[in-house]
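Okay, here's the structure, questions in a sec.
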Amino acid sequence: MRHITGSWSALCGLLVAVLCMAYSPVQAQDDEFSFDFADFAKSPWTLDGYLQGTLDYLALDGDSPFYDLAYLDKDDESNRLQGGAELQMGLTFQEGPITLFGLGKVEQVHDGAVWDENALLYEGRASWQINPNVFVTAGKVLPRWGKGYAWNPTNFVGRAKNPSDPDLSLEGHWIGQIDLVKSFGGALKNTALTCLVLPVSEDINDEFGSADHVNVAGKLYVLFHDTDIDLTALSSGSLPPRYGLTLSRNLTANFEIHGEAAHFQDHSRTIVGRDGTITADTDDVRSYLAGIRYLAPTNTTFIVEYYYNGQGFTSDETRDMFAHLSDLDDQQLAAIRPRISGYQLPNFMRSYLYFKASQKEPFGWLYVTPSLYSIVNVDDGSFNLIPEAVYTGFENLELRMRTSLLFGGSGTEYGEKVNDWKLEFRGRYYF
């Protein structure tokens, strides 16, 4: 990605100066290199982003209860062709202790039936470095708490990643935040304390939880004996209170381990029985994650993570829910749809294994990086398999092709997805 960090006037001035030195008569020694380097100072503005086009083909599973839910108000389809164009831009202004940052997108997408236009501000924040140890930030902020690559159970104030594509941009929340940092010389090398407030009303952060609360959260970061440690917490408010611990350490230059553990008080679930009985369950639960990242001598990168989701549903609860949905007509499906939103979250069950392997330029294929992803539902044995290839042989242009294949029987998470498989093409031009 290329950053615009200089002005055209400065560049032209430099070219003129070089030409004058090359073609003008020899001047006195004191005048030969009399540049004012202040004329070439770095611009406080940085603009970057990309223009993207996508085209996706989906083969749909007409026998899935989730298919019936998705197509309640639509004509049935066996496949779908969708795509669109997106412009995403980030603009940064940095002058002295003040930093302003904005990141957003505009897009036009076709969902297989109609065109739609969207605009979204991912982040829009102002930061003030009061002194080398104190930073204040306000605006739309995306906290990135946690060490996991696919999941972050301790990220209490951020949005959940898409585990099948964890690098996608995410929308922040409107937040006020202060960071206090301190360095030391012994075994305790660095500390950083982050305190933030996140208000929720009908108009602000309304997706975070119940309205009319000002939520308080904090993270304490410690670098102790080359081990990164985070303690995270969210007070009671729009959501029940929760607490977390994360660890990460590089055992060698090529081998890293990481983990997260989170405790959620008074977590509520709505459970749908096989006979249609709706049960509200509230309990304290725990989630945790353990993972590794390894760069092999062959230049192959491996990421493996195990995730236990204490907030999720068991395999028996999931099978009962699918069995009940299969017996309902359209009117009954429409009535129950608001009650099963928890079953429609990504990875809504208990135990998962994530695997990714990527190889840079195998067999001498210049500019090609193939990868293989998989998420396995340990409870029911269903899984997805995502082979991907990225080509970067053109300047500032990235081409990606991937296929998402789903495997699983009736009543399993991946066996009951809306689509059977998916083929995706993406072209992204960076500037």
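Quick note: the coordinates plus some simple rules give every number you see, no bench work behind them. Here the structure is a predicted model, which is why all the values come from computation and not from measurement. Cβ sites come from the backbone with ideal geometry, for glycine too, and all protein chains shown count toward neighbours.
Helix 315-326 versus the longest principal axis of the chain: what is the Cα-based angle in degrees, 0 to 90, to the nearest 10?
70
For the chain, what does -39500 (n - 2.57) per DSSP helix run (n ≥ 4), summed and divided by total residues, give at 222 nm, in deg cm²/dmol to the nearest 500?
-3000 deg cm²/dmol
Hey, another quick one. State the extension gain, in nm to one decimal, for the chain segment bounded by Leu188 and Gln82, taking 0.36 nm per residue of separation less the distance between their alpha-carbons.
Extending this stretch completely gives an extra 32.9 nm.
Moving on to the next point. Given [x] 22.8, 79; [y] 21.8, 67; [z] 25.8, 97, which label gives Rg and Dmax of the Cα atoms in Å as computed from the coordinates?
[z]
How far apart, in nm, are two points set 7 Å out from the Cα along the Cα-to-Cβ line at Asp283 and at Ser268?
Reported label-point gap for Asp283 and Ser268 is 1.8 nm.
Something else now. Once you've got the GNM for the chain with C-alpha springs shorter than 10 Å, pick whichever of Gln359, Gln129, Gln332 has the biggest mean-square fluctuation.
Result: Gln332 has the largest fluctuation of those listed.
Report the gain in length on full extension from Asp206 to Trp365: 0.36 nm times residue separation, minus Cα-Cα distance, nm rounded to one decimal.
Value of the extension gain: 52.4 nm.
What is the angle, in °, between the Cα long axis of helix 8-23 and the longest principal axis of the Cα atoms in the chain? Nearest 10 is fine, range 0 to 90.
30
In addition: Given Cβ point charges of +1 (Lys, Arg) and -1 (Asp, Glu) and nothing else, what value in debye, to the nearest 20, does the dipole of the chain about its Cα centre take?
Charge dipole of the chain: 1400 debye, to the nearest 20.
If each of Val106 and Thr314 carries a label point 7 Å out from its Cα toward its Cβ, how far apart are those two points in nm?
Simple spin-label model gives 5.2 nm for this pair.
While we're on this one: How far, in nm, would the chain grow between Phe255 and Phe425 when pulled straight, counting 0.36 nm per residue and subtracting the alpha carbon separation?
Value of the extension gain: 58.0 nm.
Past 24 Å, Cα to Cα, is the threshold; run Lys161/Lys417; Lys147/Lys182; Lys360/Lys417; Lys140/Lys356 against it and keep the listed order.
Over 24 Å Cα-Cα: Lys360/Lys417; Lys140/Lys356.
If you don't mind, there's one more thing I want to ask. Taking the dipole about the Cα centre of the stretch 44-430, with the C-beta of Lys and Arg at +1 and of Asp and Glu at -1, give me whichever of Ala192, Gly90, Ile271 is farthest to the positive side.
Among Ala192, Gly90, Ile271, the one farthest towards the positive end of the dipole of the stretch 44-430 is Ala192.
Also, I was wondering about something else. Using a 7 Å offset from the Cα along the Cα-to-Cβ direction at both Ala70 and Asp327, what is the distance between the two label points in nm, to one decimal?
Roughly 2.6 nm, to one decimal.
Continuing with this model, one more query. In debye to the nearest 20, how big a dipole does the stretch 214-355 give about its Cα centre with +1 on each Lys and Arg Cβ and -1 on each Asp and Glu Cβ?
With only Lys, Arg, Asp and Glu charged at Cβ, the dipole is about 280 debye.
Moving on to the next point. What is the dipole size for the stretch 324-431, taken about its Cα centre, with +1 at each Lys and Arg Cβ and -1 at each Asp and Glu Cβ, in debye to the nearest 20?
360
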